[in-house]
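A.B. asks: I have a structure here, written as structure tokens, and I will follow up with some questions on it.
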Amino acid sequence: TLQHSKELPEGHAALVREAVIPVIRGDKIVAVLGVGNKPIAYTQVDIETIAQLADLAWEIIDHKRAEEARERRVTQLAMINDIGGKIAAVLELNILMERIVHLVQKSFNYHHVALFTISDDETTLILRAKAGNTESLYPEIPHLALGQGIVGWVAQHDQTRLVDNIKLDPNYFNLQQNTPISGSKLSVPIRAGKVVVGVLDIQSPHPNAFDKDDVLVIETLADQAAVALMNAQLYEKLITERSLLAQRVVERTTDLSRANAELARAARLKDEFLASMSHELRTPLNAILSISEMLQEEIQGPITERQARSLSRIEESGRHLLALINDILDLSKIGAGKMELQITPVTVEDLCQASLRMIKQLAYKKRLKVVSTLDNTVTRLQADERRLKQILVNLLNNAVKFTSEGGSIGLEVTGDAEQEVVHFTVWDTGIGISLDDMQQLFQPFVQLDSSLSRQYMGTGLGLSLVSRMVELHGGSVSVMSEVGKGSRFTISLPWSGPNTTTFKSDKKTPVTMAPPYQTSNLDDQKQLITQPHILLAEDNETSIAILVDYLPKKGYRLTLARNGQEALERISEEPPDLILMDIQMPKMDGLTVIRHIRANNNPDIAQIPIIAITALAMMGDRERCLEAGANEYLSKPISLKILVKVIEEQLQSTKFTGFL
């Protein structure tokens, strides 16, 4: 404490006393209090009193400063919390970085704020966002090498830098020589875990602009920014991956669509090929069977017994070939999902007897004993009768084929009313099937004996067709077999039980047909007038030769047309009583010709019965012919007897009077 006096100017007291008293905190003087304008010396009491007042005043000041610091800290924490909430809601990376710098600059009124990120190769710092009053402090997109300048040093060393005077910092690096130089700077690393991913940089044009509170605030904000940036990067990565996944899905979908289109095209080509092959195979086969049948009927004169046996073998082989063609077509229809069942009430006993009759001759030749056992409760079931017969005949044929002479085969039918299932079992005492061969038993084109010297012939299609047709009926196939002792194939089909099978008979009353027209006692002119007139529209010369030779001998007068256009001309010249129309013909196909006939204004022409005769035998071919206007449809090869029967039925339906 000091006391001294001094002279004052005239007009004032002659002598003034002044006391200078220090304010001490700990071992430091924090303030000095000067008291004066007393002419006499201060007493010790005065000095102590003044000192006490000084201490009290300083305590008040300290308290006020502490309170302001707390309020400032609370405000800062509130701002930090507000900024954290606002940036946490942003997931788009570029928008997030812009929001961070603008919120920090605006909330704390900093002069300039910038955010840098480290490049993927960790060699460069890239300015990603900036905000403040001095936009020209940085170029538009500056790049700093890692370690270059204060920001580069912070990123490289993972340490916060508070620079009170930039000019005096050895790491200072001026990005643009003509731009204003900041006075002070605070740079804080942004960390993702323990890895520096960027820098948050604060600048002021004045030296000593930042303190330890600013350091704490910016470090806290940098941590929040790091979390938000990681979330945004993860979201961006997720979006990118999702976009790539969506792109791959689109590409994959495109590939699948292309593959499906190719499969559809292949299926269409296969169907077209099968249809074409069916036509090409059936046409010559029709000639073989028709000529054999005609010769056996001795239409062209008597034949010897030896010739009859040869013709019978030819017909038998032709029928076998026809069965193979039908099997291939049926298999392709099932595979393409185009086979539709015609479900009707089926009399089980009639079905079994008809199936057994089909193999009776083959079994007789091998001296096989044929046994049939029927459950009396199983009288009817709902099924496609033709397909079910095909199933049973296939299995019975196999039983005959693989059973040695003198053996036995059989057909058993049993009903399970509780399970509502009827079982058809075909058994034999033949060669049996090994367990290893069971796995491939129902595969198409697979034969268990496939060696060049195999004993049993066949295509391997029969059991595959059986399996698939049973599946179409909603049933199942099971096999029990032992090598050398025989096999049991059981077909299990849905059955409504014995109490719900009272159906009315669906058999049609046979049509009474007039006998073939005889002309031996009539003169030629009268014969031509009274004979039924048939127009044959056919382009295959072999088929023409057969029908031209056969039909007149059955009492019909023929007119020939070798293409569709010629057929229309012949019809207009002399309308026939009936038309045999081939479908595949030059110039105009048969379907088009039929439509022209049905659209004719002359009812005598429009109502002529038309029988479509074609080698087309694919799914829908019959329907297309009938829809075009044909009265009946026959697929080649055609039995000549059946052809005559159908002709007579159609002539009867139009009340042809040539026989009266």
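A.B. asks: Which of the following residues is of a type outside the set (Gly, Ala, Ser) and at pLDDT 75 or above: Leu289, Leu281?
C.D. replies: Values: Leu281 fails: at pLDDT 75 or above.
None of the other options fit; the residue is Leu289.
A.B. asks: Only residues that are open to solvent by 40 Å² or more (accessible area, probe 1.4 Å) and within 20 Å of Ser464 (Cα to Cα): list them for segment 480-493, please.
C.D. replies: Filtering segment 480-493 down to residues open to solvent by 40 Å² or more (accessible area, probe 1.4 Å) leaves 480, 482-485, 488.
The answer is Met480, Arg488.
A.B. asks: State whether one or more residues within segment 84-107 are more than 13 Å from Ile218 (Cβ to Cβ), surrounded by 14 or more Cβ atoms within 10 Å (Cβ to Cβ) and among the acidic types (Asp, Glu).
C.D. replies: yes
A.B. asks: Go through Gln159, Gln177 for me and flag whichever is at pLDDT 85 or above, part of a loop (DSSP other than H, G, I, E, B) and surrounded by fewer than 16 Cβ atoms within 10 Å (Cβ to Cβ).
C.D. replies: Criteria check complete, one pass: Gln159.
A.B. asks: Out of the helices (runs of 4 or more DSSP H) lying entirely within segment 573-649, which hold 1 or more residues that are within 16 Å of Asn286 (Cβ to Cβ) and touching a residue at least 12 places away in the same chain (Cβ under 8 Å)?
C.D. replies: The helices (runs of 4 or more DSSP H) meeting that bar are 590-598, 621-628.
A.B. asks: Restricting to segment 389-432, name every residue that is in a helix (DSSP H, G or I), more than 14 Å from Leu351 (Cα to Cα) and open to solvent by 20 Å² or more (accessible area, probe 1.4 Å).
C.D. replies: Once the filter is applied, which keeps residues that are in a helix (DSSP H, G or I), more than 14 Å from Leu351 (Cα to Cα) and open to solvent by 20 Å² or more (accessible area, probe 1.4 Å), segment 389-432 yields Asn397, Asn398, Lys401.
A.B. asks: Based on this model, can you work out whether Arg386 counts as surrounded by fewer than 17 Cβ atoms within 10 Å (Cβ to Cβ), part of a loop (DSSP other than H, G, I, E, B) and not hydrophobic (A, V, I, L, M, F, W, C)?
C.D. replies: no
A.B. asks: Kindly list the number of the only condition in (1) within 50 Å of the chain's Cα centre (by Cα); (2) open to solvent by less than 20 Å² (accessible area, probe 1.4 Å); (3) at pLDDT below 85 that fails for Ile190.
C.D. replies: For Ile190, the failing item is (3).
A.B. asks: Please verify whether Glu71 is more than 27 Å from Val227 (Cβ to Cβ) and assigned to a helix (DSSP H, G or I), treating the condition exactly as stated. Outline the logic, then answer.
C.D. replies: Values: more than 27 Å from Val227 (Cβ to Cβ): yes; assigned to a helix (DSSP H, G or I): yes.
Here the answer is yes, as Glu71 does meet what is asked.
A.B. asks: Determine, yes or no, whether Ala266 is open to solvent by less than 60 Å² (accessible area, probe 1.4 Å), among the aliphatic types (A, V, I, L, M) and within 27 Å of Asp621 (Cα to Cα).
C.D. replies: Considered against the rule, which asks whether it is open to solvent by less than 60 Å² (accessible area, probe 1.4 Å), among the aliphatic types (A, V, I, L, M) and within 27 Å of Asp621 (Cα to Cα), Ala266 comes out as yes.
A.B. asks: Where the second residue is surrounded by 16 or more Cβ atoms within 10 Å (Cβ to Cβ) and among the aromatic types (Phe, Trp, Tyr) and the first is in contact (Cβ under 8 Å) with a residue 40 or more places away in the chain and lies in segment 364-382, which pairs have Cβ atoms under 8 Å and are six or more apart or on separate chains?
C.D. replies: Going by the 8 Å Cβ cut-off, the qualifying pairs are Val378/Trp495; Leu381/Trp495.
Residue-by-condition table, conditions (1) modelled with pLDDT of 85 or more; (2) closer than 18 Å to Leu634 by Cα; (3) open to solvent by 10 Å² or more (accessible area, probe 1.4 Å); (4) under 55 Å from the mean Cα position of the chain (by Cα):
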position: Ser520; (1), (2), (3), (4): no, no, yes, no
position: Leu528; (1), (2), (3), (4): no, no, yes, no
position: Asp549; (1), (2), (3), (4): no, no, yes, no
position: Pro552; (1), (2), (3), (4): yes, no, yes, no
position: Glu574; (1), (2), (3), (4): yes, no, yes, no
position: Gly590; (1), (2), (3), (4): yes, yes, no, yes
position: Asn600; (1), (2), (3), (4): yes, no, yes, yes
position: Gln607; (1), (2), (3), (4): yes, no, yes, yes
position: Thr614; (1), (2), (3), (4): no, yes, no, yes
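The values are calculated or read from the model by the stated rules, or taken from the named source; none is laboratory data. What you are looking at is a predicted structure, and each value in this text was computed from that prediction instead of being measured. Methodologically, a virtual Cβ is constructed for each residue, glycine included, from the backbone with ideal geometry; neighbour enumeration extends over all protein chains shown. Ligands, DNA and RNA are excluded from the accessible area calculation, which covers all protein heavy atoms including side chains. Shrake-Rupley method; radii C 1.70, N 1.55, O 1.52, S 1.80 Å.
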